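The values are calculated or read from the model by the stated rules, or taken from the named source; none is laboratory data. Nothing here was measured: the structure is a model prediction, and the numbers come from that model. Ideal geometry is used to build each Cβ from the backbone, glycine not excepted, and the neighbour counts take in all protein chains shown. Just the protein is used for accessible areas: all its heavy atoms, side chains included, with ligands, DNA and RNA removed. Shrake-Rupley method; radii C 1.70, N 1.55, O 1.52, S 1.80 Å.
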Amino acid sequence: MRKNILGTMLALAMVTLAAPSYAQFGGLGNALGGGSSSSGGVSADSLVKSYVGGAQQVMNADTFFLKALGRKEEAERSELEAKNLTSGATVSALQDAAKVQSESSKALQAAMGGEKITMSADSKKLYAQGLVELVKGLKTYTGMSGDLKNFKPSVSSLGSSAAAAAFIVKSMPDTLSGLKDTLKRSIDFAKENKIDIPADGTKSL
C-alpha cells in the first residue's frame, strides 16, 4: 500500500513538474482533480479566499514536517501564521505568509539534507500528515487555474482585496514552482525513511 501511494504521489509530482506555465495550467488542474471556474468574471474576494485556503494547507503541511523533524520553533511560527491568515488577507498579510513559508522551506531543506535522521513512529505519522496536507494545498492552488485566467481587474477594482488578488496572480507561478520542488523532495525523503502514508491520505489525490 505504501509503495502504491508513494508511487501515485510521485506521479503527481512529475505531472506538476511537466507543467510550468499558465498555458498548461488548466490541464494541470484537471490532472490533480481541481475544478475550474465558470466562464464569467471572478471577484477579487473569491480569489483571495481560495488562495488563503491553499496557503493554510501548505503551512499546515510545513508545521507537520517541522514537528516531525524536531524543528519546534519553526513549526510554532508556521502554525501561528496559518491561524492568523484570514480570507480577507491584504497584500501585506500574504507577503508575511509567503515569507514564513519560505523560511519553513529552508529549514526543512536543511533538516532533510543534514545528517541521517532517526525518526520515531510518532514522528513518521506527523510527517505523513504533512504530505497529505501538502498535496491538498497543491490541489487547491491548481484548482484555481480557471479563476486566475478569468480574473480581470477593472477600474472599479479598488481596495485591499483587489490589490491582494493582483499579488496572487503575479506570484502564483513562483509559488507553484516552489511547491513542486517541495513535494518531490518530501516524497523522496519519505521513501528513504520508510514513512507510511495513511490510507485516508489517498482521498486527497
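Which of rounded, prolate, oblate describes the stretch 60-179, given a ≥ b ≥ c as roots of the alpha-carbon gyration tensor eigenvalues and a/c under 1.5 marking rounded, otherwise prolate only if a/b is larger than b/c?
Prolate, since a/c reaches 1.5 and a/b exceeds b/c.
At a 10 angstrom cut-off on C-beta neighbours, averaged per residue, how do the peptides 89-98, 124-133 rank from highest to lowest?
124-133, 89-98
Ranking request for peptides 57-63, 137-143: highest mean number of other beta-carbon atoms within 10 Å first, then the rest in descending order.
Highest mean packing first, the order is 57-63, 137-143.
If ARG71, ARG77 are ordered by their accessible area, calculated over protein heavy atoms with a 1.4 Å probe, which sequence runs from highest to lowest?
Ranking ARG71, ARG77 by accessible area, largest first, yields ARG77, ARG71.
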